[in-house]
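Q: Here it is, the structure, as structure tokens.
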């Protein structure tokens with residue numbers, strides 16, 4: 001069984017927007033029941049848990065809470081598998097999330113940074129092995145002219161259980177409040 005750590009940012013958004021995201025995810029996201037809507041900042045580190053937690057605590061200590069606005073859906077091929085993803089991507093807050101990602105992937109995590117995979121700040125709203133299903137969903141969402149405003153004020157260090165490379169559990173180890 002594969003257990004790894006990750007860093008997720010569960011955003012603070014309105015209940016209306018949360019319900020809209022979850023309603024869509026219930027139809028299109030296979031991880032809908034496993035994990036709430038989130039930005040993945042660090043994905044499945046192989047670093048030992050205690051070292052990982054200490055590193056994230058230290059790097060996150062000077063990071064300030066920030067706001068974002070999601071206005072666009074984007075289709076992205078999952079290079080690690082045979083799925084395609086539909087991401088909600090922030091206009092405002094994009095650079096804050098990229099800089100946070102880059103700050104955390106230093107020190108002991110530097111060797112784990114995948115430069116062969118582009119990092120897109122996002123909340124996943126759907127996935128499918130059929131890219132046309134994802135494209136249709138993205139077109140439908142982008143036709144709605146949505147705008148989801150929120151803030152990121154915490155980082156959750158989580159353990160991810162993935163037997164046979166399929167995620168079965170996501171559990172918070174520690175929550176770090178941003179400055």
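Each reported figure results from applying straightforward, stated rules to the coordinates on display, with no laboratory input. Bear in mind that the values here come from a model prediction, so they are computed numbers and not experimental data. All Cβ positions, glycine included, derive from the backbone under ideal geometry; neighbour counts span all protein chains shown.
Q: At residue 164 and residue 16, where each label point lies 7 Å from the Cα along Cα→Cβ, what is the point-to-point distance in nanometres?
A: 4.3
Q: Measure nothing but the geometry: give the 0 to 90° angle between the long axis through the Cα atoms of 15-28 and the longest principal axis through the Cα atoms of the chain, rounded to 10°.
A: The helix 15-28 is inclined about 80 degrees to the chain.
Q: Continuing with the same structure: If I stretch the segment between residue 50 and residue 62 completely, what's the gain in nm (0.36 nm per residue apart, minus their alpha carbon distance), one decimal?
A: Stretched out fully, the residue 50 to residue 62 stretch lengthens by 2.3 nm.
Q: Hey, another quick one. Test of understanding: what is the full-extension gain from residue 23 to residue 151, defined as 0.36 nm times their sequence separation minus their Cα-Cα distance?
A: Going from the current span to full extension adds 44.0 nm.
Q: Let me ask another. How far is helix 94-104 tilted off the main Cα axis of the chain, in degrees rounded to 10, range 0 to 90?
A: Relative to the chain, helix 94-104 is tipped by roughly 30 degrees.
Q: On to the next question. For Cα pairs less than 8 Å apart in space and 6+ apart in sequence, what is the mean separation divided by the residue count of the chain, i.e. the relative contact order in percent?
A: Relative CO of the chain lands at 35 percent.
Q: Something else about it: Can you put 27, 104 in order, fewest other beta carbons within 10 Å first?
A: By the 10 Å Cβ count, ascending: 27, 104.
Q: To the nearest 10 degrees, how steep is helix 49-60 against the longest Cα principal axis of the chain, on a 0 to 90 scale?
A: 80
Q: Top mean-square fluctuation among 90, 118, 11, Gaussian network model of the chain, C-alpha springs under 10 Å?
A: Top of the fluctuation ranking is 118.
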